[in-house]
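**Q** Handing you a structure now.
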Amino acid sequence: MVVIVTTASASRPVGELLRQWRERRRMSQMDLALQADISTRHLSFVETGRSKPSRDMILRLAEELDLPLRERNHLLLAGGFAPVYSETPLSSPHMTSVREALGQVLHGHEPYPAVVVDQRWNLVDRNAATGVLLRGVAPELLDPPVNVLRLSLHPKGMAQRIINLGEWRAHLLHRLRRQMSLTADPDLAALWRELDGYPCDQPEPEIERPGPGDIVIPLRLRRGYRELVFFSTMATFGTPLDITVAELAIEAYFPANPETAAYLQHQHHPD
């Protein structure tokens, strides 16, 4: 069962929102109070509305709850304060260094595929090597905005070429559910419902278990008579203070066997 909780709204009392996030993190009042170095009584008063928290107190509790920057702004608004975290468009001149860093990582990862996505898995950028993943995908799925999870699991997307679709689909849905739990983003919940409704004619494991020789969950992709095998890594900015930057991630694919590496190298340097 998936429990869907909508994103915090500034129209609700800040204490109620803090309590909701504390419960989502499975923390007791005592746990949070100890971590934030305040009394349990004070935290109880904040959650019930008997005490109005200062801006610094809201930010301290949000830090201990490990809330996304977007949700910290929502808490501040609910508490009667102005947001402190900006959301700068990636196209802004202030983001030049960020764009350049992303471009260097994408280009430097070739001949292996890599993509940049936002928090909702919408494609922000990709390198040329991703073409090997996208062959045979229906053109309408590549019309912006492109959602990479939809692209992966849609019957007209990569799903038709994924050999271990049941395993890979279960992995992506599990990952999305964990992200929903952390962020309470209703758009992610809607995306999960959509993806969960896609057909799959393979068993979907409820628990991720390694197969023979597996150290990570592989993506096994059919390419003609070949089987290309990948694993992926996710990278984020280490110290983000802007919502846009905090919500960016780079997913880089690596060959999981020598045959896949040789094929990608040949595609990149056919001579």
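**Q** In the set Asp196, Asp242, Asp187, which member is more than 18 Å from Val115 (Cβ to Cβ) and surrounded by 17 or more Cβ atoms within 10 Å (Cβ to Cβ)?
**A** Working: Asp196 fails: surrounded by 17 or more Cβ atoms within 10 Å (Cβ to Cβ); Asp187 fails: surrounded by 17 or more Cβ atoms within 10 Å (Cβ to Cβ).
On inspection, the qualifying residue turns out to be Asp242.
**Q** Follow-up question, since we're still on this one. Looking at the range 28-122, what helices (runs of 4 or more DSSP H) fall wholly within it and have at least 1 residues that are of a type in the set (Ser, Thr, Tyr) and more than 22 Å from the chain's Cα centre (by Cα)? Break it down into steps so the answer makes sense when it comes.
**A** Values: elements: 29-36, 40-48, 55-64, 69-78, 96-109.
Answer list for the range 28-122: 40-48, 96-109.
**Q** Which residue is surrounded by the most Cβ atoms within 10 Å (Cβ to Cβ), if the candidates are limited to the range 245-260 and must be over 23 Å from Gly103 (Cβ atoms) and in contact (Cβ under 8 Å) with a residue 12 or more places away in the chain?
**A** Applying the filter and picking the extreme gives Thr260.
**Q** Of these, Val137, Val115, Val148, which one is of a type in the set (A, V, I, L, M, F, W, C), in contact (Cβ under 8 Å) with a residue 12 or more places away in the chain and touching a Gly at 6+ places or on another chain (Cβ under 6 Å)?
**A** Working: Val115 fails: touching a Gly at 6+ places or on another chain (Cβ under 6 Å); Val148 fails: touching a Gly at 6+ places or on another chain (Cβ under 6 Å).
After applying the criteria, what remains is Val137.
For every residue, the table says whether it meets (1) of a type in the set (S, T, N, Q); (2) under 17 Å from Ala249 (Cα atoms).
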{"site": "His154", "(1), (2)": "no, no"}
{"site": "Met158", "(1), (2)": "no, no"}
{"site": "Glu167", "(1), (2)": "no, no"}
{"site": "Leu172", "(1), (2)": "no, yes"}
{"site": "Arg175", "(1), (2)": "no, yes"}
{"site": "Arg178", "(1), (2)": "no, yes"}
{"site": "Pro186", "(1), (2)": "no, no"}
{"site": "Ala189", "(1), (2)": "no, no"}
{"site": "Gln202", "(1), (2)": "yes, no"}
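**Q** Within the range 200-220, is even one residue touching a Cys at 6+ places or on another chain (Cβ under 6 Å) and modelled with pLDDT of 90 or more? Explain how you work it out, then say what you get.
**A** Keep residues of the range 200-220 that are touching a Cys at 6+ places or on another chain (Cβ under 6 Å), which gives none.
Looking through the range 200-220, none of the residues is touching a Cys at 6+ places or on another chain (Cβ under 6 Å) and modelled with pLDDT of 90 or more.
**Q** Hey, can you tell me all the residues within the range 130-155 that are within 18 Å of Arg220 (Cβ to Cβ) and touching a His at 6+ places or on another chain (Cβ under 9 Å)?
**A** Val137
**Q** Tell me, please, whether a residue that is among the hydrophobic types (A, V, I, L, M, F, W, C) and at pLDDT 95 or above can be found in the range 1-13.
**A** From the range 1-13, those among the hydrophobic types (A, V, I, L, M, F, W, C) are 1-5, 8, 10; that's our starting set.
Subsequent filtering for residues that are at pLDDT 95 or above retains none.
Checking the range 1-13: not a single residue is among the hydrophobic types (A, V, I, L, M, F, W, C) and at pLDDT 95 or above.
The values are calculated or read from the model by the stated rules, or taken from the named source; none is laboratory data. From a predicted model like this one, the values you see are computed outputs, not experimental measurements. Every residue, glycine among them, receives a Cβ derived from its backbone with ideal geometry; neighbour counts consider all protein chains shown.
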